[in-house]
Amino acid sequence: MNTCFIIPHFEHAGLLPGVIAGLLPHDLPIIVVDDGSSSATRERLAKLGRTNERVSIVQRDENGGKGAALKSGYREAALRGFTHALQVDADGQHDLGDVPRFLEVMDENPDAFVLGVPSFDESVPKSRLYGRQISVATVWFVTLSKTIPDPLCGFRGVPLAAALRVINASNTGDRMDFDPEFAVRMLWQGTPIERVPTRVTYDPDNHVSHFNLVQDNVLLTSMYTRLTFAMLRRLPALLVRRAQAAAPAAEGRQS
Ligand SMILES: Nc1nc2c(ncn2[C@@H]2O[C@H](COP(=O)(O)OP(=O)(O)OP(=O)(O)O)[C@@H](O)[C@H]2O)c(=O)[nH]1
Ligand SMILES: [Mg+2]
């Protein structure tokens, strides 16, 4: 197993150094995919790359969205010979104290996609919480299961070969719609899912969000509509898989 960190980044240069400082003690390579930030930000990133030999910057010329940045990151990491990536947001919202737990679960389950299951404190904006509940319910519906407890959390351990199969086989979204769609498609393709509970914070003094409530919610809604139609097409296969998963449990109860 050869693991790196991937950080999708867009105009979070004030918060990114803190995230990098939190990851460096794990002594793993850190790939920052900058998604077409301004030239001033690029200079700050380039300096971070020059001063930390563990950090490399993949520069996208134009802004394409978080999903576009992650797809570039997964491809680049696989090209560099990594088998797994632990994905962390650049805005400092993820609790890096949980990195060892993620790495442990990834190590014990090398085939699995390891999803962060976020818990929030009262700092979370209500609008984001409600939107999240709709996302969760839709994903449970399209997967006919509760295997993905939260599809939006960007703190996740990614097995890269399985990830490349998903992004090469389907036209996944390029923006904030990517993380949830990718999680559903990983499950649909049969990648095992593991979960790690983790705290996510919205520091009111430092939180810089690029989530656009209108534009990104429209994107999410249209992505969930596409997934619903795709789910209906694969309904027979999903029902068979559900029955197969239930059968051993029922046999175990009988014997
Ligand atoms: N929004 C956005 N984020 C990008 C883009 N490219 C990369 N990112 C990164 O994607 C991650 C998530 O972005 P955030 O703006 O925090 O979005 P979010 O976490 O869904 O929204 P909040 O819950 O409000 O923080 C961060 O690491 C960004 O730097 C882009 O084009 N747009
Ligand atoms: Mg964020």
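The values are calculated or read from the model by the stated rules, or taken from the named source; none is laboratory data. It should be emphasised that the depicted structure is a prediction, and the values quoted were computed from it without experimental measurement. Please note: Cβ atoms are built from the backbone with ideal geometry, for glycine as well, and neighbour counts cover all protein chains shown.
Mind checking whether some residue in the stretch 137-157 is surrounded by fewer than 21 Cβ atoms within 10 Å (Cβ to Cβ), within 15 Å of the chain's Cα centre (by Cα), not small (Gly, Ala, Ser) and not in a loop (DSSP other than H, G, I, E, B)?
No; the residues of the stretch 137-157 include none that is surrounded by fewer than 21 Cβ atoms within 10 Å (Cβ to Cβ), within 15 Å of the chain's Cα centre (by Cα), not small (Gly, Ala, Ser) and not in a loop (DSSP other than H, G, I, E, B).
Would you check if THR83 is in contact with a Leu (Cβ under 7 Å, 6 or more places away or on another chain), of a type in the set (S, T, N, Q) and closer than 26 Å to ASN171 by Cβ?
Working: in contact with a Leu (Cβ under 7 Å, 6 or more places away or on another chain): yes; of a type in the set (S, T, N, Q): yes; closer than 26 Å to ASN171 by Cβ: yes.
Yes, satisfied.
Table: residues versus (1) touching a residue at least 40 places away in the same chain (Cβ under 8 Å); (2) not aliphatic (A, V, I, L, M).
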site: PRO17; (1), (2): no, yes
site: ASP34; (1), (2): no, yes
site: GLU43; (1), (2): no, yes
site: LEU70; (1), (2): yes, no
site: LEU79; (1), (2): no, no
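Just need a number here: residues in the stretch 56-84 that are more than 14 Å from ligand 1 (Cβ to nearest atom) and either at positive phi or not acidic (Asp, Glu) (or both). Step through it out loud before you land on a result.
Restricting attention to the stretch 56-84, the residues satisfying the condition of being more than 14 Å from ligand 1 (Cβ to nearest atom) are 56, 75-84.
Now restrict to residues that are either at positive phi or not acidic (Asp, Glu) (or both): 56, 75, 77-84.
So the answer is 10.
Answer with yes or no whether ARG42 is surrounded by fewer than 16 Cβ atoms within 10 Å (Cβ to Cβ), under 10 Å from CYS4 (Cβ atoms), away from ligand 1 (no atom under 12 Å from the Cβ) and at pLDDT 95 or above.
no
Name the residue that is farthest from PHE178 (Cα to Cα), counting only residues in the stretch 81-101 that are assigned to a strand (DSSP E or B) and within 13 Å of ligand 2 (Cβ to nearest atom).
Start the filter on the stretch 81-101 by keeping residues that are assigned to a strand (DSSP E or B), which leaves 84-87, 94.
Filter once more, keeping what is within 13 Å of ligand 2 (Cβ to nearest atom): 87, 94.
On the way: GLN87: 13, HIS94: 18 Å.
The selected residue is HIS94.
How many residues are within 21 Å of GLY64 (Cα to Cα) and part of a helix (DSSP H, G or I) if we restrict to the stretch 169-184?
Residues of the stretch 169-184 within 21 Å of GLY64 (Cα to Cα): 169-183.
If we keep only those that are part of a helix (DSSP H, G or I) too, we end up with 169, 178-183.
Count: 7.
Inside the stretch 69-80, can you point out the residues that are of a type in the set (Gly, Ala, Ser) and either more than 12 Å from the chain's Cα centre (by Cα) or not in a helix (DSSP H, G or I) (or both)? Don't jump to the end; show me each part of the working.
Start the filter on the stretch 69-80 by keeping residues that are of a type in the set (Gly, Ala, Ser), which leaves 69, 72-73, 77-78.
Residues satisfying the conditions are SER72, ALA77, ALA78.
Within the stretch 199-211, can one find any residue that is more than 10 Å from ligand 1 (Cβ to nearest atom) and within 22 Å of ALA112 (Cα to Cα)?
yes
Which number in (1) in contact with a strand residue (DSSP E or B) (Cβ under 7 Å, 6 or more places away or on another chain); (2) more than 21 Å from PHE211 (Cβ to Cβ); (3) assigned to a helix (DSSP H, G or I) marks the one condition that ILE57 misses?
Unmet condition: (3).
Please identify the pairs in which a residue from the stretch 206-231 that is under 12 Å from SER127 (Cβ atoms) and in contact (Cβ under 8 Å) with a residue 40 or more places away in the chain has its Cβ atom under 8 Å from the Cβ atom of a residue that is outside any helix (DSSP H, G or I) and within 16 Å of ligand 2 (Cβ to nearest atom), counting only partners at least 6 apart or on another chain.
SER209/ASP91; PHE211/MET176; ASP216/ARG175; ASP216/MET176; ASP216/ASP177
So which residues in the stretch 165-193 are of a type outside the set (Gly, Ala, Ser) and over 14 Å from the mean Cα position of the chain (by Cα)?
We begin by selecting, within the stretch 165-193, every residue of a type outside the set (Gly, Ala, Ser); these are 165-168, 171-172, 174-182, 184-189, 191-193.
Result: ARG165, ASN168, ASN171, TRP188, GLN189, THR191, PRO192.
Exactly one condition in (1) under 20 Å from ALA112 (Cα atoms); (2) more than 16 Å from ligand 2 (Cβ to nearest atom) is not met by MET231; state its number.
Going through the list (1) under 20 Å from ALA112 (Cα atoms); (2) more than 16 Å from ligand 2 (Cβ to nearest atom), MET231 breaks only (1).
Please verify whether the stretch 147-167 includes one or more residues that are within 16 Å of ligand 1 (Cβ to nearest atom), closer than 23 Å to ILE31 by Cα, out of contact with any strand residue (DSSP E or B) (no Cβ under 8 Å at 6 or more places or on another chain) and aromatic (Phe, Trp, Tyr).
Checked the stretch 147-167: no residue is within 16 Å of ligand 1 (Cβ to nearest atom), closer than 23 Å to ILE31 by Cα, out of contact with any strand residue (DSSP E or B) (no Cβ under 8 Å at 6 or more places or on another chain) and aromatic (Phe, Trp, Tyr).
What number goes with the only condition from (1) touching a Lys or Arg at 6+ places or on another chain (Cβ under 7 Å); (2) at pLDDT 95 or above; (3) closer than 28 Å to ALA246 by Cβ; (4) of a type outside the set (Val, Ile, Thr) that PHE178 does not pass?
(3)
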